[in-house]
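**Student:** I have a structure here, written as structure tokens, and I will follow up with some questions on it.
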Amino acid sequence: MTGQSLPAHAARAWIDIDLGALVRNGAALMRRAGAPLLPMVKADAYGLGAVPVARALERLAPWGFGVATVAEGAELRAAGITRPVVVFTPLLPRDLAAALAAELTPTLFRAEDIRAWAPSGRPWHLAIETGMNRAGVPWTLVGALADVLRAHPPEAAFTHFHSADRDDGSRQQQEQRLRDALATMPARPPLVHAENSAALERAAPSAWNVVRPGVFLYGVGSGEGSQLQPEPVVSMRARVVDIHDLTEGETVSYGARYQAQGSRRVATLAVGYADGYRRALSLRGPVLLNGHEVRVAGVVTMDMTMIDVTDVPCAVGDVATLIGRDGPRVLTAEIVARAADLSPYELLTGLRGRLPRVYAGPAE
């Protein structure tokens, strides 16, 4: 149901996505970097909807878009996205034909894969491993690929920082390793990219040709040390569908982990962990309702979540905010993720397609 135009008043729960804030976040990063963007729209744009996000970011004239799988890239192509689309997860040999058919740009690092791709005449990017130890040719072994790189030069080379949100010197070490690796290539590629959101928040302008922001675009900063803060982009809303008045000792939800201390009032929201509101938020998740902050009461269930509204005006049909802004109060993705002992990445990518997305257009 991603991208559904269902009006909010008709939904039991939904996700509001501010595309104007998304574009402004991207513009702020581009100004800071002094380089074009290669926005990461993998995992359905971190749960926000890859196609509407890519279309909104088009107004920033990005260099291209980054995805994790051939299917994600093919979805963008089917939606009419014509800019380069780079697939950052290594492809198996059997995936290359599908990548070629969708006119995608693979990230390669094995000589046999480079040779298999070369007859297509399509561009590819060299993945260089400088410390993440996840995917790519080790920076010390790039020189061993000299013959194949001379015969089939890549359009770009890149690496990925493992701790860009820390001021521990590791980013500088990885950048130097990347420079050393580039020096062993027969020719430096036209493009080099390395910085993710956290790196861009801490150091500017970019030392490279293209930058790869991800979670910052979607409203999540990297915390202490950041010199740039994003605007919130995502809000999760749900309606009150029932209200219960409890007496001393009565319980709520599975396991009876919430027990009323005196007279309490509990409201039921039509959203649960099948919608991406995590079970880990049981008994502690903050929720905004009618300008007040309340807490989850009992265990979050698959389709419903209960909140304690004893001291808050509440009626069936009222809208609660589980992520986002309600008047002057705001629950950022970071705040909610912290309450669940999750990373904001997990929280956003876990928002399920069962909830309709309601998009507000980019500001002109």
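**Student:** Collect the residues in the range 38-62 that are touching a residue at least 60 places away in the same chain (Cβ under 8 Å) and in contact with a Leu (Cβ under 6 Å, 6 or more places away or on another chain), keeping them in residue-number order.
**Tutor:** Pro39, Tyr46, Gly47, Ala56
**Student:** When you look at Arg279, is it closer than 27 Å to Leu217 by Cα, without any contact (Cβ under 8 Å) to a residue 24 or more places away in the chain and out of contact with any Asp or Glu (no Cβ under 7 Å at 6 or more places or on another chain), yes or no? Walk me through how you get there before you give the answer.
**Tutor:** Values: closer than 27 Å to Leu217 by Cα: yes; without any contact (Cβ under 8 Å) to a residue 24 or more places away in the chain: yes; out of contact with any Asp or Glu (no Cβ under 7 Å at 6 or more places or on another chain): yes.
So Arg279 passes the test.
**Student:** Any idea how many residues of the range 305-336 are of a type in the set (Gly, Ala, Ser) and surrounded by fewer than 22 Cβ atoms within 10 Å (Cβ to Cβ)?
**Tutor:** Looking only at that region, the number is 3.
**Student:** Identify the residue in the range 258-276 that is part of a loop (DSSP other than H, G, I, E, B) and in contact (Cβ under 8 Å) with a residue 60 or more places away in the chain and, among all such residues, is farthest from Asp341 (Cα to Cα).
**Tutor:** If we take residues in the range 258-276 being part of a loop (DSSP other than H, G, I, E, B) and in contact (Cβ under 8 Å) with a residue 60 or more places away in the chain, then Ala270 is farthest from Asp341 (Cα to Cα).
**Student:** I would also like to ask the following. Considering only the range 20-49, state which residues are part of a loop (DSSP other than H, G, I, E, B) and over 24 Å from Val358 (Cβ atoms). Talk me through it step by step, then tell me what you get.
**Tutor:** Pass one, the range 20-49, residues part of a loop (DSSP other than H, G, I, E, B): 34-36, 38-39, 41, 48-49.
Selection gives Gly34, Ala35, Pro36, Leu38.
Yes/no matrix, rows are residues, columns are (1) at pLDDT 95 or above; (2) among the charged types (D, E, K, R); (3) closer than 26 Å to Gly223 by Cα; (4) in the same structural domain as Arg83 (by TED's automatic domain parsing):
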| residue | (1), (2), (3), (4) |
| --- | --- |
| Ile128 | yes, no, no, yes |
| Ala135 | no, no, no, yes |
| Arg150 | yes, yes, no, yes |
| Asp165 | no, yes, yes, yes |
| Asp180 | yes, yes, no, yes |
| Ala194 | yes, no, yes, yes |
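**Student:** Restricting the first residue to the range 229-257 and requiring it to be part of a loop (DSSP other than H, G, I, E, B), which pairs with a second residue that is of a type in the set (Lys, Arg) and surrounded by fewer than 20 Cβ atoms within 10 Å (Cβ to Cβ) meet a Cβ separation below 9 Å and a spacing of at least six or different chains?
**Tutor:** Here the result reads Pro230/Arg24; Glu231/Arg24; Pro232/Arg325, each pair linking the range 229-257 to a residue that is of a type in the set (Lys, Arg) and surrounded by fewer than 20 Cβ atoms within 10 Å (Cβ to Cβ).
**Student:** Checking the structure you have, find out if any residue of the range 156-164 is under 21 Å from Arg134 (Cα atoms), among the aromatic types (Phe, Trp, Tyr) and within 19 Å of the chain's Cα centre (by Cα).
**Tutor:** So far as the range 156-164 goes, yes, one or more of its residues are under 21 Å from Arg134 (Cα atoms), among the aromatic types (Phe, Trp, Tyr) and within 19 Å of the chain's Cα centre (by Cα).
**Student:** Yes or no: the range 318-333 includes at least one residue that is more than 30 Å from Val51 (Cα to Cα), modelled with pLDDT of 95 or more and not in a helix (DSSP H, G or I).
**Tutor:** yes
**Student:** Report yes if Ala199 is out of contact with any Asp or Glu (no Cβ under 8 Å at 6 or more places or on another chain), at pLDDT below 95 and either not in a loop (DSSP other than H, G, I, E, B) or not charged (D, E, K, R) (or both), otherwise no.
**Tutor:** In short, yes.
**Student:** Continuing with this model, one more query. Mind telling me which of the residues Pro106, Pro123 ends up being modelled with pLDDT of 95 or more, surrounded by 14 or more Cβ atoms within 10 Å (Cβ to Cβ) and over 22 Å from the mean Cα position of the chain (by Cα)?
**Tutor:** Criteria check complete, one pass: Pro123.
**Student:** Within the range 156-173, restricting attention to residues that are without any contact (Cβ under 8 Å) to a residue 12 or more places away in the chain and either among the small types (Gly, Ala, Ser) or in contact with a helix residue (DSSP H, G or I) (Cβ under 7 Å, 6 or more places away or on another chain) (or both), which residue is surrounded by the most Cβ atoms within 10 Å (Cβ to Cβ)?
**Tutor:** Ranking the candidates gives Ser163 first.
**Student:** Quick check: anything in the range 305-317 touching a helix residue (DSSP H, G or I) at 6+ places or on another chain (Cβ under 9 Å) and assigned to a loop (DSSP other than H, G, I, E, B)? Steps first, please.
**Tutor:** Here is the first cut: in the range 305-317, the residues touching a helix residue (DSSP H, G or I) at 6+ places or on another chain (Cβ under 9 Å) are 305.
The next check asks that each one be assigned to a loop (DSSP other than H, G, I, E, B); those that pass are none.
Scanning the range 305-317 turns up no residue that is touching a helix residue (DSSP H, G or I) at 6+ places or on another chain (Cβ under 9 Å) and assigned to a loop (DSSP other than H, G, I, E, B).
Quick grid of which residues meet (1) under 25 Å from the mean Cα position of the chain (by Cα); (2) surrounded by 15 or more Cβ atoms within 10 Å (Cβ to Cβ); (3) not hydroxyl-bearing (Ser, Thr, Tyr):
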{"site": "Tyr218", "(1), (2), (3)": "yes, yes, no"}
{"site": "Ser235", "(1), (2), (3)": "yes, yes, no"}
{"site": "Asp245", "(1), (2), (3)": "no, no, yes"}
{"site": "Glu248", "(1), (2), (3)": "no, no, yes"}
{"site": "Val271", "(1), (2), (3)": "yes, yes, yes"}
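**Student:** Name the strands (runs of 3 or more DSSP E) wholly within the range 81-188 that hold at least 3 residues that are closer than 18 Å to Ala199 by Cβ? I'd like the intermediate steps shown before the answer.
**Tutor:** On the way: elements: 85-87, 105-108, 125-129, 156-158.
It comes to 125-129, 156-158.
The values are calculated or read from the model by the stated rules, or taken from the named source; none is laboratory data. Everything numeric here is computed off the predicted structure, so don't read it as measured data. In this analysis, Cβ positions are derived from the backbone assuming ideal geometry, glycine residues included, and neighbour counts consider all displayed protein chains.
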